[in-house]
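Please treat every number below as a calculation from the coordinates, not as lab data. Just so you know, these numbers come straight off a predicted model, no measurement behind them. Neighbour counts run over all protein chains shown; Cβ positions are idealised from the backbone, glycine included.
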Amino acid sequence: MSLFAVEPSPPTKLGHYRQLAPRAAIHASPLALGAMSIGDKWAQFGMGAMDKDTSFKLLDAYFEAGGNLIDTASNYQDGSSEEFVGEWAESRGIRDQLIVCTKYTNNFRRGDASLKQKVNYVGNNLKSLRLSVESSLKRLRTDYIDVLYLHYWDLHTTVEEFMDGLHNLVTEGKVLYLGVSDTPAWLVTKANEYTRAHGKTPFVIYQAPYSILQRDIERDVLPMCRHEGIALALFNVLAGGHIRSDEEEEKRRKTGELGRQLMGPWERSAEEKKVCDALEEVRKQVGAKHLTAVAIAYTLHKAPFVCPILGGRKVEHLEANIEALDISLSAEQMAHLDGVVPFDKGFPNTLIGEYGGYPWLLTSQATFDIQPLLPPVSASK
């Protein structure tokens, strides 16, 4: 055997790793495993839950397929998500092979009846941050977190307070990279400008809901991430399970399996069916097996440094969704999917145009050669 023998090809394209972000050179799988369903405390709320055995099977399947990026949060499944992920990684002896992401801001002891005063366990403030991170480290059975997200802005804590606190965790070695989720674009820009001016650690990745059925971030957040060099981790890429075929919906209705009902009706609206029909058209064109894989591929084609987060509880769903990494969509197919349901990008986009182009008042006065934006990452063959 040669000292410099080439590693064998990975079992799936989950093992074709990509730089996480321009400011984070750690290399991650192109699809993350979302751990909101991993844990056993939220079934009663219509969120679904998994016992330890089924959780470990899903985690094993993801890892064995080449996956290394796991996304959880301090409060998911009232803490049992972090506990299961931590015990699984420790039992397999693979902690350092993983990129473990978690979040702080919500009450990670929500289900603890002994907790009389909850106010110090919520928000972006320094005490909430300390309590949450110390708990996450214990539950995850680790001494460092790869990516710590501010789960969402609490509308009160200042940039200086939470960025100073997060930076201190990095200097202490408890956290490697910082992320932010569900927060106004202007505040993220302000936060990173503060870190540049004061030699502190910036946000390198932004987490948001995004799918062909929910394109809000195209108005402001996505252009901000492109301009600032921030990666995008996308959840709800399958719109809470609403991206499905007519046959699948009828099957769920007959078996009584239905779908997620925590955030609203499980059945698709007429508009959602229209979009799914368009996805079915494209699925046939590209020769894909799964409708969901086309929907995930759609998000991967929107910008560079994009990482969809795969939810769900079944190994077969995970395997089906990995097919997204084999799908290449043309500009015409993307335009077709974008045009199925009108999407208003709003002011100021409707006045000056979109990031990367030129306002019409300028193009009426001179001819400009446009410098293309950085394209999405091309999957290796």
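Summary table below
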item	result
Inter-probe distance in nm under a simple model that places probes 7 Å from Cα toward Cβ, at Ala43 and Asp60	2.0 nm
Charge dipole magnitude, Cβ of K and R +1, D and E -1 - the chain, Cα centre, debye nearest 20	520 debye
Sum of -39500 (n - 2.57) over DSSP H runs of 4+, divided by residues of the chain (222 nm, nearest 500)	-10500 deg cm²/dmol
Charge dipole of region 1-102 about the Cα centre (unit charges at C-beta), most positive-ward option of Pro30, Val85, Leu59	Pro30
Ranked by how many other beta carbons lie within 10 Å on average, peptides 234-243, 280-289 from highest	234-243, 280-289
Rg over Rh, two decimals, region 1-106 (C-alpha only, Kirkwood Rh)	1.03
Protection proxy ranking of 29-40, 137-148, 156-167 - average other beta-carbon atoms within 10 Å, highest first	29-40, 137-148, 156-167
Inter-label distance for Leu115 and Val6, nm, one decimal - labels placed 7 Å from Cα along Cα-to-Cβ	5.2 nm
Inter-part distance where region 1-51 and region 78-140 are each reduced to a Cα centre, Å	19 Å
FRET efficiency, Asp53 to Ile94 (Cβ-Cβ, R0 22 Å, nearest 0.05)	0.75
Region 283-328 and region 335-381: distance between their alpha carbon centers, rounded to Å	24 Å
Sequence-separation-based contact order of region 13-339, relative, with Cα cut under 8 Å and 6+ spacing, percent	17 percent
Two-site label geometry, Glu161 and Lys273: point separation in nm, points 7 Å out along Cα→Cβ	4.9 nm
Potential extension, Glu193-Arg313 segment - 0.36 nm per residue separation minus Cα distance	39.3 nm
Phi to ³J(HN,Hα) by Karplus 6.51 cos²θ - 1.76 cosθ + 1.60 over region 321-334, Hz, x for Gly, Pro	6, 4, 4, 3, 6, 9, 9, 10, 9, 6, 4, 5, 5, 5
Val306, Val204, Val6 arranged by Cβ crowding within 10 Å, fewest neighbours leading	Val6, Val306, Val204
HN-Hα J in Hz across region 127-139 - Karplus 6.51, -1.76, 1.60, θ = phi - 60°, x for Gly and Pro	5, 4, 4, 4, 4, 5, 5, 4, 5, 4, 4, 5, 5
Calculated semi-axes √(5λ) of the Cα gyration tensor in Å (choose from (i) 43, 37, 23; (ii) 33, 22, 20; (iii) 31, 28, 23), label	(iii)
Beta bridges per DSSP with both ends in the chain, % antiparallel, nearest 5	15 percent
Under the Karplus curve 6.51 cos²θ - 1.76 cosθ + 1.60, θ = phi - 60°, whole-Hz ³J(HN,Hα) for region 7-12, x wherever Gly or Pro sits	4, x, 4, x, x, 9
Dipole axis of region 13-339 (+1 Lys, Arg; -1 Asp, Glu on Cβ), positive-most option in Gly199, Gly179, Leu232	Gly199
